1. When the range 111-121 is examined, which residues are found to be crowded, with 17+ Cβ neighbours inside 10 Å and not polar (S, T, N, Q)?
2. Find all pairs meeting these conditions: Cβ atoms under 6 angstrom apart; at least six residues apart or on different chains; first residue within the range 85-106 and more than 21 Å from residue 188 (Cα to Cα); second residue open to solvent by 70 Å² or more (accessible area, probe 1.4 Å).
3. Against the condition crowded, with 17+ Cβ neighbours inside 10 Å, at pLDDT 95 or above and in contact with a Pro (Cβ under 9 Å, 6 or more places away or on another chain), how does residue 66 come out, does it pass?
4. Being part of a loop (DSSP other than H, G, I, E, B), open to solvent by less than 20 Å² (accessible area, probe 1.4 Å) and in contact with a helix residue (DSSP H, G or I) (Cβ under 8 Å, 6 or more places away or on another chain): is that true of residue 78 here?
5. Any residue in the range 187-200 that is farther than 12 Å from residue 158 by Cα sitting within a Cβ distance under 6 Å of a residue that is surrounded by 23 or more Cβ atoms within 10 Å (Cβ to Cβ) and among the small types (Gly, Ala, Ser)? List the pairs, counting only those 6 or more apart or interchain.
6. Which fully enclosed helices (runs of 4 or more DSSP H) of the range 154-231 have 3 or more residues being among the charged types (D, E, K, R) and under 25 Å from residue 13 (Cβ atoms)?
7. If residue 95 satisfies every condition in (1) in contact with a Gly (Cβ under 7 Å, 6 or more places away or on another chain); (2) within 18 Å of residue 136 (Cα to Cα); (3) open to solvent by 20 Å² or more (accessible area, probe 1.4 Å) but one, which is the exception?
8. Name the one entry in 205, 152, 165 that is within 12 Å of the chain's Cα centre (by Cα) and surrounded by 17 or more Cβ atoms within 10 Å (Cβ to Cβ).
Amino acid sequence: DEAIAVSHAVMRSRPFGLFGNKITQIYLAITTPKYKTHDKAREVLLRKTSFSKDDDLVLIGIVGELTGNKGHATLLHAFKEVYRRYRNVRLICIGNGPLLPELHTLARELEIDSTIGWIHNLHDANIFMKAFDVVVTSSYTEALGYAPLEAGLASVARVATDVGGLPEIIHHGVTGLLVPRENSHALALALITCIENKELREKLGKQAAIDLAPFTDLKKMRSRIYEVYGE
């Protein structure tokens with residue numbers, strides 16, 4: 001009888017060609033995770049990945065299922081380019097999925113496997129967001145995205161592909177950086193920009209937390225949903 005789209009991008013796409021006027025856009029809202037502090041979160045992730053603790057270490061993270069849509073392969077190619085320039089950078093991939101063996105093989109072929117930490121099962125992964133200097137969303141499509149929301153609310157800089165609903169929660173140059181999808185070079189350049197400019201990535205993170213505050217308003221989301229299904 002009625003459909004709810006979690007972003008304007010989804011609403012414009014008219015999924016499955018159905019619904020006609022029976023579709024309403026309502027942003028999802030989330031409870032702000034009980035984030036661990038930067039030091040505690042980093043300590044846990046470094047221990048799980050066996051990376052050495054180093055004050056100069058720059059941690060890039062991606063959180064999501066290891067499926068084709070999430071663009072991990074593009075990120076690995078980008079990370080190779082980044083690692084050529086900065087030896088103090090590490091990538092942590094949190095998640096599991098059918099592409100795990102293929103991605104491990106790709107990392108070895110790119111000769112970056114020793115610089116990537118894979119964490120396949122991590123309960124409440126979102127509470128560790130503050131461990132990262134940059135969180136990447138390299139998806140080919142994305143309705144909105146929990147991980148970039150949770151990273152932004154944790155005041156972490158975000159780099160994401162310019163697809164789906166991501167531009168609705170990441171304003172390029174203000175609360176994060178957006179790049180074309182399936183473009184490893186553009187992704188690498190965005191990551192390098194964040195690595196080289198600590199002041200910028202801190203600014204992007206702080207502004208993201210401010211801009212995303214409305215996405216924690218569960219009461220408003222429930223109220224709008226009740227209005228739709230009560231009509």
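1. If we filter the range 111-121 for residues that are crowded, with 17+ Cβ neighbours inside 10 Å, which is where we start, we get 112, 115-119.
Within the range 111-121, 112, 116, 117, 118, 119 meet the criteria.
2. From the range 85-106, the pairs are 95/65; 97/65.
3. Details: crowded, with 17+ Cβ neighbours inside 10 Å: yes; at pLDDT 95 or above: yes; in contact with a Pro (Cβ under 9 Å, 6 or more places away or on another chain): yes.
In short, yes.
4. Values: part of a loop (DSSP other than H, G, I, E, B): no; open to solvent by less than 20 Å² (accessible area, probe 1.4 Å): yes; in contact with a helix residue (DSSP H, G or I) (Cβ under 8 Å, 6 or more places away or on another chain): yes.
So residue 78 does not fit the description; no.
5. Going by the 6 Å Cβ cut-off, the qualifying pairs are 188/78.
6. Working: elements: 184-196, 198-211, 218-230.
Helices (runs of 4 or more DSSP H) meeting the threshold: 218-230.
7. Just one mismatch for residue 95, condition (3).
8. On the way: 205 fails: within 12 Å of the chain's Cα centre (by Cα); 165 fails: within 12 Å of the chain's Cα centre (by Cα).
Result: 152 is the single residue among 205, 152, 165 that is within 12 Å of the chain's Cα centre (by Cα) and surrounded by 17 or more Cβ atoms within 10 Å (Cβ to Cβ).
The values are calculated or read from the model by the stated rules, or taken from the named source; none is laboratory data. What you are looking at is a predicted structure, and each value in this text was computed from that prediction instead of being measured. Virtual Cβ from ideal backbone geometry, glycine too; neighbours counted across all protein chains shown. Ligands, DNA and RNA are stripped out before the accessible areas are found, and what is left, the full protein with its side chains, is counted by its heavy atoms. Shrake-Rupley method; radii C 1.70, N 1.55, O 1.52, S 1.80 Å.
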